[in-house]
Structures are given as C-alpha cells and as structure tokens.
Amino acid sequence: MEIKLKASDLPENIKKAEITAIKVKAGDQIKAGEKIIELEANKTTISLTTEQSGKIEEILVEKGTAVEVGTVLMKIDIDIDQKESEAENNKQPQKNLESQITIIGGGPGGYVAALKAAKMGADVTLIEKENLGGTCLNWGCIPTKALVRSAEIYNNLKNAAEFGCRAENIDFKWDEIIGRKNKIVNQLTNGIKSLLSKHKVEVITGRAEIVDKNTVLVVQAEKELIINTANIIIATGSKPIELPITTEAAKEYLLYSSTFGVRNH
C-alpha cells in the first residue's frame with residue numbers, strides 16, 4: 001500500500017511541504033495511529049500517522065525533501081489480519097450517527113454556536129474540514145494582529161531616540177516572528193478543542209455535504225459518515241478568490257493564507 005501526501009494534511013491553499021523528520025525505517029513493524037513522518041508547511045509542523053498496521057517496505061523520501069500533494073512517501077505491507085478485517089468492514093454499511101444539532105464549519109460562528117447549544121443541553125456535532133478556529137484564528141484576525149504587534153515593537157525600537165532612549169543594531173528575524181504567531185494560534189486552537197471536549201461536542205474532521213434537511217454526509221479520507229440530525233447550522237464562512245491577473249504581477253501578490261509562508265524579508 002502506498003502512503004501519499006494528501007491535500008487535507010496541509011494548511012489551506014498550501015500544496016508543498018518539507019520533510020523535517022522520518023520516524024520509521026524500512027523493515028519496521030508499525031501499528032495503526034503510529035507517527036511516521038513530520039513535515040513543515042507554512043511554518044506549521046505537521047505529524048503524519050498511518051491508519052494501518054503492517055511492515056514498512058520502502059521509504060521513498062528523505063529528510064529535507066520538498067514534497068507536493070500526491071507524492072508517494074512510503075510503501076507499507078498491511079497485516080493480513082487487518083486486510084481481512086478491512087474487507088469485512090467494507091461489506092458492512094456505515095453506521096449512521098444521530099445528532100440534535102449538526103454544525104458545518106468550525107470557525108468563530110460554528111464553534112461558538114456549538115458551545116452555546118451544548119451548554120443548553122443539546123446533543124451537538126461539529127464538522128470541520130481543516131482547522132478549528134477558521135480563517136479568523138488560523139489565517140486572519142489573530143495571526144495578523146500578532147504580526148502587527150511585532151511590527152509595532154520593531155518601529156518603537158527604531159525610533160527609541162524620540163523618547164530619550166537608545167537602542168543599537170535593531171533588526172528582526174522573520175522566522176521568529178512567525179514562530180511567535182504560531183505559538184499564539186496553537187494556544188488558542190488548543191483552548192477551543194478543550195472547551196468543545198469539556199462540553200461534550202462531537203467534533204468530526206471531514207468535508208460535509210447536506211443530503212436533505214435532516215441528513216448530512218461527511219466525506220473523510222478513508223470512509224463516509226451519515227449524520228441524521230434534527231437541525232443543521234451552516235457556518236462555512238468565505239474564502240478569497242485569486243485575481244485574474246496573467247502578467248508577471250500575478251506572481252507578486254499574496255493571499256492571507258500564503259502570507260505566512262513567506263520566508264524572507
């Protein structure tokens with residue numbers, strides 16, 4: 001079986017990543033859920049795990065390799081018992097889930113609604129295809145304010161003499177600024193996860209499709225789920241479109257999601 005890098009493994013609109021660590025070697029026996037590779041994309045560390053147990057046949061990449069979505073990372077010989085189990089499971093229909101309120105989108109609208117409903121006693125399911133917190137927390141309000149604050153500190157230091165202060169050799173390191181931004185984002189997203197767990201909100205990662213007013217289909221990497229629900233809240237937000245520019249200038253502009261991947265200043 002081939003293990004490939006999927007688009008769902010990476011932040012939104014990011015198609016490439018760099019391998020920073022390989023946790024296994026050819027010949028290793030691994031279990032489902034075991035960490036196999038670490039990557040860095042858009043200054044975010046991503047851990048890849050395997051959903052199958054088996055033996056590593058071949059590793060096709062090296063540390064430091066830049067990989068794209070669809071790249072085959074390694075090959076695994078799945079355990080015979082698991083193959084038979086998977087074949088049996090595939091014959092059985094997916095068990096439906098039940099929920100009073102199903103919310104599509106885990107951004108500020110979605111997770112706040114989920115918490116409010118859960119506190120009022122509702123059985124709530126929250127579906128998010130990428131990162132909890134949505135655009136605001138991961139790519140918009142919060143991270144951009146973190147960058148603005150770093151810029152303010154830098155500007156104050158550059159103009160310290162106006163306030164009767166002295167500062168020499170003023171400089172900044174973009175990687176460290178992004179690192180601070182990532183730390184803030186991670187703290188807040190972990191806080192959201194903790195709150196949702198505390199109030200027993202069922203969080204499902206996947207792409208949601210509304211089948212009818214009481215049915216939601218969730219498409220995941222290896223399976224599909226059907227949620228029977230009394231109510232549906234759509235909180236999918238928005239996303240930017242790429243400008244129809246065909247000149248060299250098209251290479252210069254950045255979207256909010258690609259700004260944080262810039263390495264040089």
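The values are calculated or read from the model by the stated rules, or taken from the named source; none is laboratory data. Here the structure is a predicted model, which is why all the values come from computation and not from measurement. So basically every Cβ, Gly included, is an ideal-geometry build from the backbone, and we count neighbours across all protein chains shown.
A few notes on this one:
- Filter result for L39 (more than 24 Å from W174 (Cα to Cα), assigned to a strand (DSSP E or B), among the hydrophobic types (A, V, I, L, M, F, W, C) and not assigned by TED's automatic domain parsing to the domain that holds D175): no
- Of the candidates R149, R166, the single residue that is farther than 24 Å from A208 by Cβ, modelled with pLDDT of 95 or more and out of contact with any Pro (no Cβ under 9 Å at 6 or more places or on another chain) is R149.
- Subset of the stretch 47-61 (residues that are in contact with a helix residue (DSSP H, G or I) (Cβ under 9 Å, 6 or more places away or on another chain) and more than 10 Å from K23 (Cβ to Cβ)): Q52, S53, G54
- Residue pairs whose Cβ atoms lie under 9 Å apart, separated by 6 or more positions or on different chains, with the first residue in the stretch 33-48 and surrounded by 17 or more Cβ atoms within 10 Å (Cβ to Cβ) and the second in a strand (DSSP E or B) and of a type in the set (K, R), are A41/K16; L48/K35.
- Of everything in the stretch 1-27 that is at pLDDT 85 or above and not in a loop (DSSP other than H, G, I, E, B), the residue that is nearest to G206 (Cα to Cα) is A17.
- Enumeration of residues in the stretch 103-162 that are without any contact (Cβ under 8 Å) to a residue 40 or more places away in the chain and at positive phi: G121
- Number of positions in the stretch 28-58 that are among the charged types (D, E, K, R), modelled with pLDDT of 85 or more and in contact with a Ser or Thr (Cβ under 9 Å, 6 or more places away or on another chain): 2
- Residue within the stretch 171-194 that is of a type in the set (A, V, I, L, M, F, W, C) and in contact with a Ser or Thr (Cβ under 8 Å, 6 or more places away or on another chain) present: yes
- Qualifying residue in the stretch 210-220 (condition: in contact with a Ser or Thr (Cβ under 8 Å, 6 or more places away or on another chain), surrounded by fewer than 16 Cβ atoms within 10 Å (Cβ to Cβ) and among the hydroxyl-bearing types (S, T, Y)): yes
- Within the stretch 161-184, the residues that satisfy the criterion of being surrounded by 14 or more Cβ atoms within 10 Å (Cβ to Cβ) and either of a type in the set (A, V, I, L, M) or over 34 Å from the mean Cα position of the chain (by Cα) (or both) are I177, I178, I184.
- Filter result (part of a strand (DSSP E or B), in contact with a Leu (Cβ under 8 Å, 6 or more places away or on another chain) and surrounded by fewer than 18 Cβ atoms within 10 Å (Cβ to Cβ)) within the stretch 60-77: E68, V72, K75
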